[in-house]
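The structure appears below as structure tokens.
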Amino acid sequence: MTSSARTDQGTGPGRNRTRPAGLLIVACALTALSACSSNSTPDNDAKATNSPSASPTVSKSANPTEATEAEAVKAYSGYWREMERAYAAADVDASRLKDYASGVALVKAQVETEAMKKKGSTLSGGVTVTNSTVTQLDDSKKLLKAQLSSCLDVTKWVSLDKEGKPVALPSTRVTKYVATATMERWTDGWRVLTAQPHADQPC
């Protein structure tokens with residue numbers, strides 16, 4: 001996702017570790033691409049602890065699992081920070097998003113920013129990400145995977161037209177909702193593979 005998002009495993013082989021779900025893209029902010037309302041699936045500098053520009057510090061923990069989860073949360077915050085940069089320029093290459101996203105999450109950002117560039121639109125401001133929580137760690141495969149949930153607020157992520165003027169948005173649009181992500185730990189850090197908004201789940 002404050003605003004702007006852009007170890008050991010701790011479990012035995014083949015086992016999933018499930019933690020209570022917390023409250024963790026673009027669909028609701030990109031009205032020009034796909035309108036988001038209470039019926040659809042889906043910042044400036046808002047001050048949220050887990051937000052992109054104020055990434056949570058990974059402190060040394062005696063618990064390897066907690067350290068792993070903290071690293072995943074920090075990478076998720078970085079993902080939203082770079083998403084903001086990519087959409088502000090309507091160009092993924094204007095950001096370091098590839099350092100934080102891969103697979104479906106990266107392709108989606110590339111497709112949407114290319115469409116924005118053709119229209120001459122951008123996104124100004126940023127998102128606020130709070131309550132980022134790792135709900136599951138899966139070490140059954142070669143690469144460690146994590147499921148993450150957070151509360152995403154896109155109120156201050158404003159769509160601008162080619163003249164730089166704010167685009168009128170539906171009054172029924174959802175601006176604060178639960179978002180989930182699937183992440184994978186690579187040798188050089190975590191990557192967001194999928195990012196899914198849940199407009200029907202306000203937070």
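The values are calculated or read from the model by the stated rules, or taken from the named source; none is laboratory data. Here the structure is a predicted model, which means the values were calculated and not measured. We place every Cβ from the backbone using ideal geometry, glycine too, and count neighbours over all the protein chains shown. Please note that ligands, DNA and RNA were not included when accessible areas were found on the heavy atoms of the full protein model with its side chains. Shrake-Rupley method; radii C 1.70, N 1.55, O 1.52, S 1.80 Å.
Looking only at the stretch 146-155, how many residues end up being part of a loop (DSSP other than H, G, I, E, B) and in contact with a strand residue (DSSP E or B) (Cβ under 6 Å, 6 or more places away or on another chain)? Summing the residues that are part of a loop (DSSP other than H, G, I, E, B) and in contact with a strand residue (DSSP E or B) (Cβ under 6 Å, 6 or more places away or on another chain) in the stretch 146-155 gives 0. The set of residues from the stretch 89-102 being open to solvent by less than 30 Å² (accessible area, probe 1.4 Å) and in contact with a helix residue (DSSP H, G or I) (Cβ under 7 Å, 6 or more places away or on another chain) comprises 90, 92, 95, 97, 101.
Out of the stretch 156-203, which residues are part of a strand (DSSP E or B), closer than 27 Å to residue 117 by Cβ, of a type in the set (A, V, I, L, M, F, W, C) and open to solvent by 20 Å² or more (accessible area, probe 1.4 Å)? Passing the criteria: 158, 160, 193.
Here is a yes/no grid of residues against (1) open to solvent by 50 Å² or more (accessible area, probe 1.4 Å); (2) among the small types (Gly, Ala, Ser); (3) in a strand (DSSP E or B); (4) at pLDDT below 95:
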| site | (1), (2), (3), (4) |
| --- | --- |
| 82 | no, no, no, no |
| 87 | no, no, no, no |
| 104 | yes, no, no, no |
| 107 | yes, no, no, no |
| 111 | yes, no, no, no |
| 114 | yes, no, no, no |
| 117 | yes, no, no, no |
| 142 | yes, no, no, yes |
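Taken over the stretch 144-155, the criterion of being open to solvent by 20 Å² or more (accessible area, probe 1.4 Å) and under 13 Å from the mean Cα position of the chain (by Cα) is satisfied by 147, 153.
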